[in-house]
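A short write-up of the structure that comes next.
The values are calculated or read from the model by the stated rules, or taken from the named source; none is laboratory data. Note that the coordinates shown come from a computational prediction; the quantities given were computed from them, not determined experimentally. As a convention, Cβ positions derive from the backbone with ideal geometry for all residues, glycine included, and neighbour counts pool all protein chains shown.
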Amino acid sequence: MQQHRNNIHDSAPLRRLMDEQMRVLEPALQRCFGSHALLLDAATGLGVPVLPMMGHWTVLRVTGGCHTGDVQAALDEPLPFVDEAFELVFLRHALEAVTYAPELLGEAIRVLAPGGTLVLTGVHPVSGWAPWFYWHTRGSRRVLWMPLRLARELHHAGLDMEQVMRTGRLWPGMAAEKPASPSALGGGYVLIARRRNRKVTPLRVRATPIRVSANSRLSPGIRRSAVS
């Protein structure tokens, strides 16, 4: 039973939910471009989205005793990447898979480049999925995060919301007629935000009067009106 709880994101219901979320996200993800993208994944073996305008992917699995995947990293240390390294950061159910979600979200923002896109997916805490999730993860101290709370946190951190919606079927065992469609009572959520570009303060050049003697000559670049 302990193994089943640890592998909840590899279970059939959550795999179906992730597939539904990816179908909803696909149009927005296809517009992402850049040279480097980061996937922080709670599941195993799902692969990365196929994005024609995105270059190299780095993949880390965030469950277990440490980060595994393309890079090995300890859970209690910052992500092993320089600031603003990725044009796209995708947390696929990652926040609910760990007990240090605020720190992980902060690290995701740190490595996101200005103008870059942050994508979050997860199980909605106010849905028929929440009791099922907590039952299968009991004892792990995991928490489901409200997407509106995440949106506020991201706004304060300098990101603008582009999309926040619920998706998926009402509860894990329910068949969905339109699994790719957003649903007001769906069991999952998708959130897309963009990090603001740095503001550039324009410099105002003040004209400074210059004094020259009556018989002096001005350089060709100086206007007569600037001379007092």
Test set (1) over 28 Å from residue 33 (Cα atoms); (2) surrounded by 17 or more Cβ atoms within 10 Å (Cβ to Cβ); (3) at pLDDT 95 or above - residue 172 fails condition number: (3)
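Against the definition (within 25 Å of residue 19 (Cβ to Cβ) and either of a type outside the set (A, V, I, L, M, F, W, C) or crowded, with 22+ Cβ neighbours inside 10 Å (or both)), how does residue 99 come out, yes or no?
Details: within 25 Å of residue 19 (Cβ to Cβ): no; either of a type outside the set (A, V, I, L, M, F, W, C) or crowded, with 22+ Cβ neighbours inside 10 Å (or both): yes.
The answer is no for residue 99.
This table checks each residue for (1) under 15 Å from the mean Cα position of the chain (by Cα); (2) over 30 Å from residue 171 (Cα atoms); (3) surrounded by fewer than 18 Cβ atoms within 10 Å (Cβ to Cβ).
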position	(1), (2), (3)
24	no, no, no
29	yes, no, no
36	yes, yes, no
60	yes, no, no
87	yes, yes, no
90	yes, no, no
Leading residue by the ranking (farthest from the chain's Cα centre (by Cα)) among those in the stretch 124-174 that are under 22 Å from residue 8 (Cα atoms) and among the β-branched types (Val, Ile, Thr): 137
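One line per residue, one yes/no per condition, for (1) crowded, with 19+ Cβ neighbours inside 10 Å; (2) modelled with pLDDT of 95 or more; (3) farther than 24 Å from residue 25 by Cβ:
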residue	(1), (2), (3)
67	yes, no, no
73	no, no, yes
78	no, no, yes
108	yes, yes, no
112	yes, yes, no
115	no, yes, no
119	yes, yes, no
123	yes, yes, no
130	no, yes, no
